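Peer 1: Attaching a single structure in structure tokens format; questions to follow.
The values are calculated or read from the model by the stated rules, or taken from the named source; none is laboratory data. Because the structure is a prediction, the values reported are computed rather than measured. A quick note on method: Cβ atoms are made from the backbone with ideal geometry, for glycine too, and the neighbour counts reach across all protein chains shown. Surface accessibility is based on the protein's heavy atoms, side chains included, excluding ligands, DNA and RNA. Shrake-Rupley method; radii C 1.70, N 1.55, O 1.52, S 1.80 Å.
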Amino acid sequence: MKKLIVLLVLLLGLILPVNAANIMPVNVEPNDLRTIGLYQVSKDITLYEQPDDQSSIINNIKWSAVDIFPEGVKFNELFIVFIPEKELGFVAVTDETEDWVQIIYNNKTGETAWIKKDDPYKFMSWIHFYNMYGRKYGLYILKGAPDSVKNIRSATDDSAQLLAEMNMPTKIKLNVIRGNWALVSVLDLDRSPKTGYIRWRGDDGIRYFFPDIK
């Protein structure tokens, strides 16, 4: 009987599609300073050499929640954020015009191409992206961030009064972004609420926190 159950499980695994895993930033990325924001891509992406309909086409990528075409293109190399359950994919943007965005289509090699906007509101600067998704889902700390980003201060200044420190935060609620600072309400593991300003981004543009999209 046990052998039959195991066989059925294996067969179902072959028949039923397996969704790709969520992709979210994990580490601080010092080399990612050239990006200006993110673009929510459609499921059919045409990559151009230049921001011109007559320009040479580099590739055409089609994706769904379970696979990606052509073979050889990987979810984690294309997307900065990918939530298969929501069929939501964001790519990094390095330049923008009125009708086009230049994206990094391979995060491993850093290769870029242009795609034509199918909706002008799908491009979001980093601050716009954080204000939208950070306020909705909260934030999490990226690995490699300095310990100083856990300092909660009374104002948007490194010399402002230190109100508290995050220890093991279970929730970081974003209230508003002000430059490189964010007004947050933090619930620590000890259940103590803490409110004040944290550095979500350094003066050099390196990001220490990311929206905890689910």
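Peer 1: Would you point out the residue of region 184-214, among those that are surrounded by fewer than 17 Cβ atoms within 10 Å (Cβ to Cβ) and aliphatic (A, V, I, L, M), that is nearest to the chain's Cα centre (by Cα)?
Peer 2: Result: L187.
Peer 1: Here's a follow-up. Among the residues of region 112-151, which ones are under 18 Å from T35 (Cβ atoms) and of a type in the set (V, I, T)?
Peer 2: T112, I115, I127
Peer 1: Consider only pairs whose beta carbons are under 7 Å apart and that are at least six residues apart or on different chains; among these, list those whose first residue lies in region 48-73 and is part of a loop (DSSP other than H, G, I, E, B) and whose second residue is at pLDDT 95 or above and exposed (fewer than 12 other Cβ atoms within 10 Å of the Cβ).
Peer 2: E49/S56; P51/T97
Peer 1: For region 105-142, what are the residues that are surrounded by 15 or more Cβ atoms within 10 Å (Cβ to Cβ), aliphatic (A, V, I, L, M) and within 13 Å of the chain's Cα centre (by Cα)?
Peer 2: M124, I127, L139, I141, L142
Peer 1: Report yes if some residue within region 126-137 is in contact with a strand residue (DSSP E or B) (Cβ under 9 Å, 6 or more places away or on another chain) and assigned to a strand (DSSP E or B); otherwise report no. Even if it seems obvious, please write down each step before you answer.
Peer 2: Quick first cut of region 126-137, residues in contact with a strand residue (DSSP E or B) (Cβ under 9 Å, 6 or more places away or on another chain) only: 126-137.
Remaining after also requiring assigned to a strand (DSSP E or B): none.
Looking for residues that are in contact with a strand residue (DSSP E or B) (Cβ under 9 Å, 6 or more places away or on another chain) and assigned to a strand (DSSP E or B), one finds none in region 126-137, hence no.
Peer 1: I've got another one for you. Restricting to region 58-96, name every residue that is out of contact with any Lys or Arg (no Cβ under 7 Å at 6 or more places or on another chain), among the basic types (K, R) and either over 16 Å from Y133 (Cα atoms) or open to solvent by less than 10 Å² (accessible area, probe 1.4 Å) (or both).
Peer 2: Across region 58-96, the qualifying residue is only K74.
Peer 1: Pull up region 34-57, narrow it to residues that are of a type in the set (G, A, S) and over 16 Å from F90 (Cβ atoms), then point me to the one that is surrounded by the fewest Cβ atoms within 10 Å (Cβ to Cβ). Give the derivation first.
Peer 2: Step one: filter region 34-57 for residues of a type in the set (G, A, S), giving 37, 42, 55-56.
Keeping just the survivors that are over 16 Å from F90 (Cβ atoms) gives 55-56.
Working: S55: 14, S56: 10.
Here the residue is S56.
Peer 1: If we keep just the residues of region 17-32 that are surrounded by 12 or more Cβ atoms within 10 Å (Cβ to Cβ) and of a type in the set (A, V, I, L, M, F, W, C), which is farthest from the chain's Cα centre (by Cα)?
Peer 2: A20
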